[in-house]
Amino acid sequence: MNLYNMNKAEVSGSIAGEPCRSHTSYDEDFMSFSIVVKRLSEISDVLPVIVSSNVFDIGKLKPGEPIQVRGQLRSYNELKEGYPHLRLHLFAREIGVKEEGADKNIVIIEGYTCKKPIYRITPFGREITDLLVAVNRPYGKSDYIPIIVWGKNARFAEKLKIGQKLRIEGRFQSRQYEKNLSDGKSDTRTAYEVSVCSIYLIL
């Protein structure tokens, strides 16, 4: 099985802010930038992208320019306030000019549930289930991707067992939330996750 086919993402929108250096790995430089992707509701997601300088000349990217990115969702743990915090980004394999029409945001992944589903009902009566799905990479690594499931799909996802294999189709989204701190104050933070359009159990 080609593991690259288990994790595919394609987004298009406009570049937000100036690209900057992210990190170096095995003498390969990686750069980061954000892409603004409009939903049909006119709300915008601001999504982090990382790209190798061997794949694309980051100097060609200018704020506000239309862009299309194809790649995979990747996760890593960021240390914040002494605790690991899961971060998600789009790892770019191809970058090109955005096609005409509405912004695009498509994610297709296959992976395994690795945490007990959390089902809840919002104050507005919407049903939601939160999942964490492990998607295998080559060389024995995995990415851990937060998933948010809505409505009747949330009732299906609530009953999933750890270790079950899923196919998920949805979009990569950003969401702001308030984090209550130990000193009684609150902090506005951004979560990145996949919002599900369809979800299937692979037997």
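List the strands (runs of 3 or more DSSP E) that sit entirely inside segment 65-152 and contain at least 2 residues that are of a type in the set (D, E, K, R) and at pLDDT 95 or above. Explain how you work it out, then say what you get.
Working: elements: 66-80, 83-96, 105-113, 118-121, 127-136, 142-150.
The strands (runs of 3 or more DSSP E) meeting that bar are 66-80, 127-136.
Would it be correct to say that Ser34 is hydroxyl-bearing (Ser, Thr, Tyr) and touching a Leu at 6+ places or on another chain (Cβ under 8 Å)? I'd like the intermediate steps shown before the answer.
Working: hydroxyl-bearing (Ser, Thr, Tyr): yes; touching a Leu at 6+ places or on another chain (Cβ under 8 Å): yes.
Answer is yes for this residue.
Just one of Ile35, Ile109, Ile95, Ile50 is touching a His at 6+ places or on another chain (Cβ under 6 Å), of a type in the set (Val, Ile, Thr) and within 25 Å of Arg137 (Cα to Cα); which is it? Walk me through it before giving the result.
Details: Ile35 fails: touching a His at 6+ places or on another chain (Cβ under 6 Å); Ile109 fails: touching a His at 6+ places or on another chain (Cβ under 6 Å); Ile95 fails: touching a His at 6+ places or on another chain (Cβ under 6 Å).
Every option except Ile50 fails the conditions.
Say we look at segment 134-161 and pick out the residues that are free of Cβ contacts under 8 Å to residues at least 60 places away in the same chain and within 15 Å of the chain's Cα centre (by Cα); which of these is farthest from Leu90 (Cα to Cα)? Spell out how you get there, then give the answer.
Filtering segment 134-161 for residues free of Cβ contacts under 8 Å to residues at least 60 places away in the same chain gives 134, 139-142, 147-161.
From what's left, within 15 Å of the chain's Cα centre (by Cα): 134, 142, 147-149.
Numbers: Ala134: 16, Ser142: 15, Ile147: 15, Ile148: 17, Val149: 20 Å.
The selected residue is Val149.
Please go through segment 18-52 and pick out each residue that is out of contact with any Asp or Glu (no Cβ under 8 Å at 6 or more places or on another chain) and of a type in the set (A, V, I, L, M).
Met31, Ile35, Leu40, Ile43, Val46, Leu47, Val49, Ile50, Val51 - these are the residues of segment 18-52 that are out of contact with any Asp or Glu (no Cβ under 8 Å at 6 or more places or on another chain) and of a type in the set (A, V, I, L, M).
One line per residue, one yes/no per condition, for (1) surrounded by fewer than 17 Cβ atoms within 10 Å (Cβ to Cβ); (2) under 22 Å from Leu203 (Cα atoms); (3) out of contact with any strand residue (DSSP E or B) (no Cβ under 9 Å at 6 or more places or on another chain):
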| site | (1), (2), (3) |
| --- | --- |
| Glu110 | no, yes, no |
| Thr113 | no, yes, no |
| Pro117 | no, yes, no |
| Pro123 | yes, no, yes |
| Glu127 | no, no, no |
| Leu132 | no, yes, no |
| Arg137 | yes, yes, no |
| Ile145 | no, yes, no |
| Val149 | no, yes, no |
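For segment 162-188, give me each residue that is part of a strand (DSSP E or B), farther than 25 Å from Phe91 by Cβ and acidic (Asp, Glu).
Residues of segment 162-188 part of a strand (DSSP E or B): 165-180, 186-188.
Right, trim to farther than 25 Å from Phe91 by Cβ and you get 178-180, 186-188.
Residues satisfying the conditions are Glu178, Asp187.
The values are calculated or read from the model by the stated rules, or taken from the named source; none is laboratory data. What you are looking at is a predicted structure, and each value in this text was computed from that prediction instead of being measured. Don't worry about glycine lacking a Cβ; one is built from the backbone with ideal geometry, like all the others, and counts go over all protein chains shown.
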